[in-house]
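Quick notes on the structure that follows.
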Amino acid sequence: MLVNMNQMLAMAKEKHFAVGAFNVSESNLFRTVVEAAEANDAPAIIAVHPTELAYCKDDFIKYVVARCSNSPVPFVIHMDHGDSIESIMRAVHCGFTSVMIDGSLLPFEENIAKTAEVVRYCHMVGVSVEGELGTIGDTGTSIEGGMTEVKYTDPDDAKKFVAETGVDTLAVAIGTCHGLYPKGVTPKLRMDVLESIKDVVDIPLVLHGGSGNPDSEIAEAVRIGIQKVNISSDYKSAFFTKAREILAQEGSGWDPNNIFPECIEAGKAVIKQKMELFNSVGAAKYYRDAGVAQWRQELN
């Protein structure tokens, strides 16, 4: 079933779990996420960055929409780090049910204005909007980018931002980075910052840069109030590490059906572990019981 982010995260907030958002850009990675979600009866978010959409093309999203719509578990198709009104409108036209407008590097008032404009357009057609406040770090190993140093989200700014934009979800900066951390580097998340934001903001909160962080810290963030965790590098690393192992074998061949099945299974194992960490395994039943399929019909 295909839902928007409001429908997805309202349930996560009520039942105290988080939903993983997994970036995809081609059919094998998409299969990895969808099959892992269905095998674990877990809700999932299919995230596509503007550069990933430029690679996979709009027609690929038609397949993504059709596959997710016909699944027994709930999916959101989400534009990750939309960088302009044009990229947002392209996503809406393709069938995305949620978008992120990333104005985090803009001055605060400009971020508010740009986010509010996207909210105004997208809410007209039932598409949810994620904003970002503060800056996520950058390890240099991802397409999402970020800053050399994290600028933590200010709780007072978060309260004003949510009130003035009408945004549905908020990505907060508490110490994570996009990409995989260099060897020997262990991030330390600021749970006190998250607690302070949670005290003044009532909408679902998002954690970007979820790969490579200690499980204990991610679990604590979910306990405090994170409802969406972005994962890309962790499961892709497992997928392509396996691909390199297979291709290094003599006589491994070149047919996708000989190369990718084991890669898909390697990626699915990581996704399953993340879903267990987020307490979302088995949570798809909540949406079926609540009749989310009917909500989707009303949305359309």
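The values are calculated or read from the model by the stated rules, or taken from the named source; none is laboratory data. Quick caveat, the model's predicted, so the values are computed rather than measured. As a convention, Cβ positions derive from the backbone with ideal geometry for all residues, glycine included, and neighbour counts pool all protein chains shown. Areas reflect the complete protein model, heavy atoms only, side chains present, ligands, DNA and RNA absent. Shrake-Rupley method; radii C 1.70, N 1.55, O 1.52, S 1.80 Å.
E117: free of Cβ contacts under 8 Å to residues at least 12 places away in the same chain and farther than 25 Å from Y235 by Cα, yes or no?
On the way: free of Cβ contacts under 8 Å to residues at least 12 places away in the same chain: no; farther than 25 Å from Y235 by Cα: yes.
It is false that E117 is free of Cβ contacts under 8 Å to residues at least 12 places away in the same chain and farther than 25 Å from Y235 by Cα.
Out of all the residues in the range 25-60, which are out of contact with any Pro (no Cβ under 9 Å at 6 or more places or on another chain), outside any helix (DSSP H, G or I) and either at pLDDT below 95 or within 26 Å of I88 (Cβ to Cβ) (or both)?
Scanning the range 25-60 gives S25, E26, I45, I46, A47, V48, H49, K57.
Quick one: is L9 within 17 Å of S232 (Cα to Cα), open to solvent by less than 40 Å² (accessible area, probe 1.4 Å) and out of contact with any helix residue (DSSP H, G or I) (no Cβ under 6 Å at 6 or more places or on another chain)?
no
Of E149, E117, which residue is at pLDDT below 95 and either open to solvent by 20 Å² or more (accessible area, probe 1.4 Å) or outside any strand (DSSP E or B) (or both)?
Working: E117 fails: at pLDDT below 95.
Selected residue: E149, the only one of E149, E117 that is at pLDDT below 95 and either open to solvent by 20 Å² or more (accessible area, probe 1.4 Å) or outside any strand (DSSP E or B) (or both).
If we keep just the residues of the range 80-113 that are open to solvent by 50 Å² or more (accessible area, probe 1.4 Å) and part of a helix (DSSP H, G or I), which is nearest to K57 (Cα to Cα)? So that I can check it myself, show each step before the final result.
Here is the first cut: in the range 80-113, the residues open to solvent by 50 Å² or more (accessible area, probe 1.4 Å) are 83, 86, 89-90, 93, 105-110, 113.
If we keep only those that are part of a helix (DSSP H, G or I) too, we end up with 86, 89-90, 93, 108-110, 113.
Values: E86: 15, M89: 14, R90: 11, H93: 12, F108: 33, E109: 33, E110: 30, A113: 29 Å.
Within the range 80-113, the match that is nearest to K57 (Cα to Cα) is R90.
For residues in the range 64-79 being hydrophobic (A, V, I, L, M, F, W, C) and either closer than 12 Å to V48 by Cα or in contact with a Gly (Cβ under 8 Å, 6 or more places away or on another chain) (or both), which is surrounded by the fewest Cβ atoms within 10 Å (Cβ to Cβ)? If you could, list the steps in order and put the result at the bottom.
Step one: of the range 64-79, the residues hydrophobic (A, V, I, L, M, F, W, C) are 64-66, 68, 73, 75-77, 79.
Checking the rest, the ones that are also either closer than 12 Å to V48 by Cα or in contact with a Gly (Cβ under 8 Å, 6 or more places away or on another chain) (or both) come to 64-65, 76-77, 79.
Numbers: V64: 22, V65: 18, V76: 25, I77: 26, M79: 29.
Selected residue: V65.
So which residues in the range 122-132 are part of a helix (DSSP H, G or I) and either closer than 15 Å to C94 by Cα or out of contact with any strand residue (DSSP E or B) (no Cβ under 9 Å at 6 or more places or on another chain) (or both), if there are any at all? I'd like the intermediate steps shown before the answer.
Applying the first criterion (part of a helix (DSSP H, G or I)) to the range 122-132 yields 122-123.
Within the range 122-132, just C122 meets the criteria.
Out of (1) touching a residue at least 60 places away in the same chain (Cβ under 8 Å); (2) farther than 21 Å from N6 by Cβ; (3) among the acidic types (D, E), what's the single condition that is false for E109?
Tallying (1) touching a residue at least 60 places away in the same chain (Cβ under 8 Å); (2) farther than 21 Å from N6 by Cβ; (3) among the acidic types (D, E), E109 fails exactly one: (1).
Applying the selection to the range 180-238, what residues are part of a helix (DSSP H, G or I), at pLDDT below 90, in contact with a helix residue (DSSP H, G or I) (Cβ under 7 Å, 6 or more places away or on another chain) and crowded, with 18+ Cβ neighbours inside 10 Å?
Those that are part of a helix (DSSP H, G or I), at pLDDT below 90, in contact with a helix residue (DSSP H, G or I) (Cβ under 7 Å, 6 or more places away or on another chain) and crowded, with 18+ Cβ neighbours inside 10 Å: none in the range 180-238.
Within the range 13-24, take every residue that is open to solvent by less than 40 Å² (accessible area, probe 1.4 Å) and either modelled with pLDDT under 95 or not small (G, A, S) (or both) and give me the one that is farthest from V64 (Cα to Cα).
Of all residues in the range 13-24, those open to solvent by less than 40 Å² (accessible area, probe 1.4 Å) come to 17-24.
Those still in the list that are either modelled with pLDDT under 95 or not small (G, A, S) (or both) too: 17, 19, 22-24.
Values: F17: 25, V19: 18, F22: 13, N23: 12, V24: 10 Å.
The residue in question is F17.
Quick one: is V33 buried (at least 16 other Cβ atoms within 10 Å of the Cβ) and under 20 Å from E132 (Cα atoms)?
Spelling it out, it is not the case that V33 is buried (at least 16 other Cβ atoms within 10 Å of the Cβ) and under 20 Å from E132 (Cα atoms).
Is the range 67-76 home to any residue that is part of a helix (DSSP H, G or I) and farther than 17 Å from N23 by Cβ?
yes
List the residue pairs whose Cβ atoms are under 6 Å apart, where the first residue sits in the range 243-270 and is open to solvent by 50 Å² or more (accessible area, probe 1.4 Å), the second is not polar (S, T, N, Q), and the two are 6 or more positions apart or on different chains.
These pairs meet every condition: E262/K242.
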